[in-house]
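So the structure is just underneath, and the comments pick up after that.
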Amino acid sequence: MIRVKDIILKKLKESKEDYISGEELSSILGVSRTAVWKCINELKKEGYVIDSSSKKGYKLCYVPDIINPWEIKEGLDTKIIGRSVHCFSEVDSTNNYAKMLAQKGCEDGTVILAERQTQGRGRLGRSWDSMDKKGIWMTVVLRPAVGLEDVQIITLAASVAVASALKKAMDIDAGIKWPNDIVLDGKKVCGILTEMSMEMERINFLILGIGMNFGHVESDFPEEIRDRATSLGLYLKGKKGLDISGFRRSHLVRVILSELEEVYDKINKGKATAVIEEWKKYSVTLGKEVLIKYREEQYTGIAEDIDQNGRLIVKQDDGTIREVLSGEVSVRGLLGYT
C-alpha cells in the first residue's frame, strides 16, 4: 500500500528545484494540511533535508544515504525481485526475518533490508558485524523452479550479480573467491550466505543473504581482521581518491537486485552454463593454490576449474583430482592466507 508520506516524497522529488505548496499537496492527497505537515516532519526525522516556507511551501534540498522502501524501489525495473521490499532500522538478522516471511508464503523475490543487524551471520557459523548505516545488510527470498543440483549455481549467480553491480554502479572491479566472497585487492568486502528449505527433491525456498561493507573506516574493523577485511569506502579512497559520500547505498542495492534478476532468470530457464562462464570471468580463485579444510581433512592443490554443478575442481600435487562442494577454501594471496 502506498503511504501518504511516500506520495509527498515523490511529489517533492518531481518538483526538483521548485517549491510545492502545502495546499497543493493537501488537495492532491485529499488530506488536511496538518497531515501534510506531519508527514514532512517525519521525512525530516529520517534525514531528508526539506526547506519549509510559509509563503512558498516545501522544497526537497537533500536526500540522505538512507535505506527505505521508497529509495529502493524508485527506478527499480525488475519484474520479480524487489516487488515486495521490507526495510528496518534494526533486526536480529535479515536472513531470520526472511525465513519467517518465506514460511508464511511471501512471494518470490521478496527483499528484506536493515540499517543494522544485531545477530548477523556469515558462512560456517561465523558472526558478521553489521554496523548501523555503514553497510548493505540484505536478504532475498527466492523460489527457484530448479532441482537441488542447481542450488550451488544460484549461490555462484548471486556473487556474479554483486560483482557486476559494483562495476555498473561504482566502476569497481571486484573479484570472486570461490564460492561467493567478493574481494577487493585481496580483502573481503562482501559475503553471501545461502540457506535452504526443502522437502525430498523439492526446494521450498532459498534465503540469499548479502552483507556488504560500504562506509566502514579502518577503525571500524577489529585489529585482527584488518589485513583481510575492507569496505567500498576504504577501497575508493585508497585506489581512486574518491569519497564514499558521493554514492548511495540505495542505488547500489537497486543495481544488485537488477543484476540478480538477470542471472536468476537464466537459471530458471536452464541456462546455468552461462552463469558459470560469467563467474569464471570474475574469479580470483582459478589457477591459484588453495588450501581446503573439510571436517577433519586438510589438503592443498591448484584450483583448476568449476564444473557444471558449481563444484571447485582441485588438482593436488600428486595429480589427484578433488571436487569441492563445501568446506573452507583459502586462496594463496587472499584474505590473509600467504
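Readers should treat all values here as calculations from the given coordinates under stated rules, not as data from a laboratory. Keep in mind that this is a model prediction, so the values were computed, not measured. Counting neighbours? That spans all protein chains shown, and the Cβs are built from the backbone with ideal geometry, glycine included.
Would you mind telling me which residue in S93, S84, S26 has the biggest mean-square fluctuation in a Gaussian network model of the chain, where springs connect alpha carbons within a distance under 10 angstrom?
Between S93, S84, S26, it is S26 that shows the largest mean-square fluctuation.
What number, rounded to the nearest 500 deg cm²/dmol, is the helix-based mean residue ellipticity at 222 nm of the chain, given -39500 (n - 2.57) per DSSP H run of at least four residues and division by all its residues? Kindly include the intermediate steps, with their values, before the conclusion.
Numbers: 9 runs with 109 residues, N = 338.
It lands at -10000 deg cm²/dmol.
Could you pull out every whole DSSP H run in the chain that spans at least 24 Å of Cα extent along its own axis and averages 0.0 or higher on the Kyte-Doolittle scale? Present the calculation step by step, with values, prior to reporting the outcome.
Numbers: long enough: 151-170 (29 Å, 1.42); 249-268 (28 Å, -0.17).
Helices meeting the criterion: 151-170.
Using 0.36 nm per residue of separation minus the Cα-Cα distance, give me the extension gain between Q103 and A274 in nm, one decimal. Each step should come with its number before you reach the end.
On the way: separation 171, 0.36 × 171 = 61.56 nm, distance 3.10 nm.
Using 0.36 nm per residue and subtracting the Cα-Cα distance, I get 58.5 nm.
Using the number of other C-beta atoms within 10 angstrom as an exposure proxy, rank S21, S54 with the fewest first.
Values: S21 15, S54 6.
Least crowded to most crowded, the residues run S54, S21.
What is the distance, in nm, between label points placed 7 Å from the Cα along the Cα-to-Cβ direction at S245 and at T118?
About 3.1 nm, to one decimal.
May I ask you to list the GluC sites (Glu not before Pro) in the range 268-338 that are in a DSSP loop and have at most 15 other Cβ atoms within 10 Å of their Cβ? Display every interim value, and only then the final one.
On the way: sites: E277, E278, E289, E296, E297, E304, E323, E328; in loops: E296.
Qualifying residues, ordered by number: E296.
For T110, what is the net charge nearby, where nearby means another residue's Cβ is under 15 Å from its Cβ and Lys, Arg count +1, Asp, Glu -1? Could you put the intermediate results ahead of the total?
Values: positive: K73, K79, R83, K99, K104, R143; negative: E107, D108, E195, E261.
Surrounding charge for T110 is +2.
Within a 10 angstrom radius of the beta carbon, how do F88, F205, F247 rank from fewest other beta carbons to most? Intermediate values should be presented prior to the final figure.
Working: F88 16, F205 22, F247 19.
Ascending Cβ contact count within 10 Å gives the list F88, F247, F205.
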